[in-house]
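Only one structure is covered here, and it is reproduced in the block below.
The values are calculated or read from the model by the stated rules, or taken from the named source; none is laboratory data. None of the values given here were measured: they were computed from a predicted structure. Don't worry about glycine lacking a Cβ; one is built from the backbone with ideal geometry, like all the others, and counts go over all protein chains shown. For accessibility, only protein heavy atoms count, side chains too; no ligands or nucleic acids. Shrake-Rupley method; radii C 1.70, N 1.55, O 1.52, S 1.80 Å.
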Amino acid sequence: MKLLKKLIAVLAFAPAMVLANSGTFPLDRAPDRSTDMAALQNGAKLFVNYCLNCHSASAMRYNRLKDIGLTDEQIKQNLLFTGEKVGDLMKATLSAKDAKEWFGAVPPDLSVIARAKASGDGTGADWIYTYLRTYYKDESRPTGWNNMVFPNVGMPHVLWELQGTRTVKMVEESDPHDESKKVHKFAGFETVTPGTMNKIEYDNAVGDLVAYLQWMGEPAQSTRKRLGVWVLLFLATLATLAWRLNASYWKEVK
């Protein structure tokens, strides 16, 4: 009985707990490029060049990239740099020991990161899309970088050359709950040095990378959806035939 009461209490307060723990920074909606082969290929290139140095994708093999239109030769020439084979798993070049020493923790595997980051605030793709676009310089941090979506983040801004360096602008306002207190509110970013891409180009590049991470979480997603439509059509046809057969049978009995 005590266990049941505890369970009821947890369920009753669960929504409040979710709201209390949810991030305060609003998430931008990630563009849907799940069927855009060019975007997925560019996302794969960005992933290999900027993410795979530290993060693994141990549930993905290079040859699975043929599903997004790449050939074995293209994979070898453009995505394999340290002697891997096309059939190998996508593992990071950084060792766990070095990662622990340099960053204090082993970077997480990104195989299903787009699913893992989903919450009541938005999809996992929305979280990653906003996260990669809200880095700013913060000299108080060990890496020199901070993030609006993930405050005190341990990962440095690996895409800074593309986006450039920015600082965050904050304004002081009265606390809506206590006017005697002041709070700092986010008021945008200020560019310090421009990157190799302008804002639109960088947002598009991040959109491609997020699309690839989303696809990597379930490479057979398009096939599943396509087969699902045919299965539903088959079941609808079967149900119609069974309904008419049933009606015809009982017509004679009556």
Looking only at the range 103-156, and only at residues there that are among the charged types (D, E, K, R) and in a helix (DSSP H, G or I), the one that is nearest to ARG29 (Cα to Cα): ASP126
Where THR240 falls short, out of the listed (1) within 25 Å of VAL168 (Cβ to Cβ); (2) not in a loop (DSSP other than H, G, I, E, B); (3) not charged (D, E, K, R): (1)
Those residues of the range 28-52 which are closer than 19 Å to TYR131 by Cα, in a loop (DSSP other than H, G, I, E, B) and open to solvent by 30 Å² or more (accessible area, probe 1.4 Å), in sequence order: ASP28, ARG29, PRO31, ASP32, ARG33
In the range 61-97, residue modelled with the lowest pLDDT [restricted to those that are in contact with a Ser or Thr (Cβ under 7 Å, 6 or more places away or on another chain) and surrounded by fewer than 17 Cβ atoms within 10 Å (Cβ to Cβ)]: THR82
Selection within the range 103-142 - free of Cβ contacts under 8 Å to residues at least 60 places away in the same chain and within 16 Å of PHE189 (Cα to Cα): TYR131, TYR135, TYR136, LYS137, ASP138, GLU139
Flag for GLU172 being out of contact with any helix residue (DSSP H, G or I) (no Cβ under 9 Å at 6 or more places or on another chain) and more than 27 Å from TRP215 (Cα to Cα): yes
Selected residue (criterion: modelled with the lowest pLDDT) from residues of the range 223-246 that are hydroxyl-bearing (Ser, Thr, Tyr) and within 39 Å of the chain's Cα centre (by Cα): THR223
Which numbered condition TRP145 fails, given (1) open to solvent by less than 80 Å² (accessible area, probe 1.4 Å); (2) touching a residue at least 24 places away in the same chain (Cβ under 8 Å); (3) closer than 29 Å to ASN42 by Cβ; (4) of a type in the set (Phe, Trp, Tyr): (2)
Residue match in the range 176-187 (condition: out of contact with any Leu (no Cβ under 6 Å at 6 or more places or on another chain), open to solvent by 60 Å² or more (accessible area, probe 1.4 Å), under 17 Å from MET148 (Cα atoms) and aromatic (Phe, Trp, Tyr)): yes
Pairs, first on the phi > 0 side of the Ramachandran plot in the range 53-78, second surrounded by 15 or more Cβ atoms within 10 Å (Cβ to Cβ) and among the polar types (S, T, N, Q), C-beta under 8 Å, six or more apart: GLY69/GLN41
Residue list for the range 210-225, restricted to those being crowded, with 24+ Cβ neighbours inside 10 Å and either of a type in the set (A, V, I, L, M) or part of a loop (DSSP other than H, G, I, E, B) (or both): VAL210, ALA211, LEU213, MET216
